[in-house]
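Just so it is clear, none of the values below were taken in a lab; they were calculated from the coordinates. Quick caveat: nothing in here was measured; it's all calculated off a predicted structure. Neighbour counts are summed over all protein chains in view; Cβ atoms, including those assigned to glycine, are modelled from backbone coordinates with ideal geometry.
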Amino acid sequence: MFGVKLLEERIRAEGKVRENGSVLKVDSFLNHQMDMELYDAMGAEFYRLFGGEGVTKLLTIEASGIGIACVAGLHFHVPVVFAKKGKTKNIDGDIYTALVHSFTHGQLYEIMVAREFIQPGDRVLLIDDFLAKGAALEGLIHIVEQAGATVVGAGVCVEKAFQPGGDALRQKGYRIEALARIKSMSDEDGVEFC
Ligand code: 5GP
């Protein structure tokens, strides 16, 4: 079981609030240097939450989702696929694409997954490090739906619950699980959890 507030404790101790309280930097254990003990605990917790759902594939988006998706993949014993960013030179039409608005860079980019790696029968769990406005997960959902596969849900490490993505996706019927949910954050007061 996930050490109850393991991730919250690390965020409290090491997280840095930026951009007037809208961006959390966690470079010392999640997004640059990676604490593999913590990663392993998070992967185990995603498996505890979704292990009974018959997941056949994990899907994430490059770059920052790949690390946690890989570790989670070791718990689920299923392949991990990551959506690639940027214009593709593939002209064979054997790819699924979606447009995603980047929260951190403020621009629109294309993501793509080769058709061969998501099949109609697949039960796909989406994994990402952060959930903010939900654009990254919406893009991944769009790709899974194009493939005729099933979205089992999404596991994210950190949900900024004061931003609208998580609730909007839940309202659409998707099961969204976050290992830490932030209610509010500011430079002065730090981070408050739900
Ligand atoms: P969304 O698409 O839900 O708006 O944003 C999610 C994506 O943006 C994640 O893949 C993550 O990489 C990035 N992101 C959003 N908010 C934050 C944040 O506060 N800190 C970090 N480090 N990444 C974020």
Going by C-beta contacts inside 10 Å, put Phe103, Phe50 in order with the fewest on the left.
Phe103, Phe50
Rounded to two decimal places and with Rh computed the Kirkwood way over Cα pairs, what is Rg over Rh for the range 18-66?
1.06
Taking every DSSP bridge whose two residues both lie in the chain, the antiparallel percent to the nearest 5 is 45
Low-density loop cleavage sites - trypsin sites (Lys or Arg not before Pro) in the range 57-154, where at most 16 other Cβ are within 10 Å (DSSP):
Lys87, Lys89, Lys133
Alpha carbon Rg of the range 2-193, scaled by the compact-globule rule 2.2 N^0.38 Å
0.99
Can you list residues whose amide H is under 5 Å from Ala83's amide H, if they're 5+ apart or on another chain and H is modeled 1.01 Å from N?
Thr60, Ile61, Glu62
Using the count of nearby Cβ atoms within 10 Å as a rough guide to exposure, how do Leu49, Leu59, Leu24, Leu7 rank from fewest to most?
Leu49, Leu24, Leu7, Leu59
Built amide H within the under 5 Å cut-off of Asn31, gap 5+
Val26
What list of ³J(HN,Hα) values in whole Hz, one per residue of the range 44-61 in order, does the Karplus curve 6.51 cos²θ - 1.76 cosθ + 1.60 (θ = phi - 60°) give from phi, with Gly and Pro shown as x?
5, 5, 4, 5, 4, 6, 10, x, x, 9, x, 5, 10, 7, 9, 10, 9, 10
Pairs Lys16/Lys57; Lys5/Lys172; Lys25/Lys85: which exceed 26 Å Cα-Cα?
Lys16/Lys57; Lys5/Lys172
Would you mind classifying the range 110-194 by shape? Square roots of the alpha carbon gyration tensor eigenvalues, ordered a ≥ b ≥ c; an a/c under 1.5 is rounded, otherwise it is prolate if a/b is larger than b/c and oblate if not.
prolate
When a footprinting reagent is the concern and you count Cβ atoms within 10 Å, what order do Met112, Met36 take, fewest first?
Met36, Met112
The set of residues whose placed amide H lies less than 5 Å from the amide H of Val23, leaving out same-chain residues fewer than 5 positions away, is Arg18
To the nearest 20 debye, what is the magnitude of the charge dipole of the chain about its Cα centre, counting +1 on the Cβ of each Lys and Arg and -1 on the Cβ of each Asp and Glu?
320
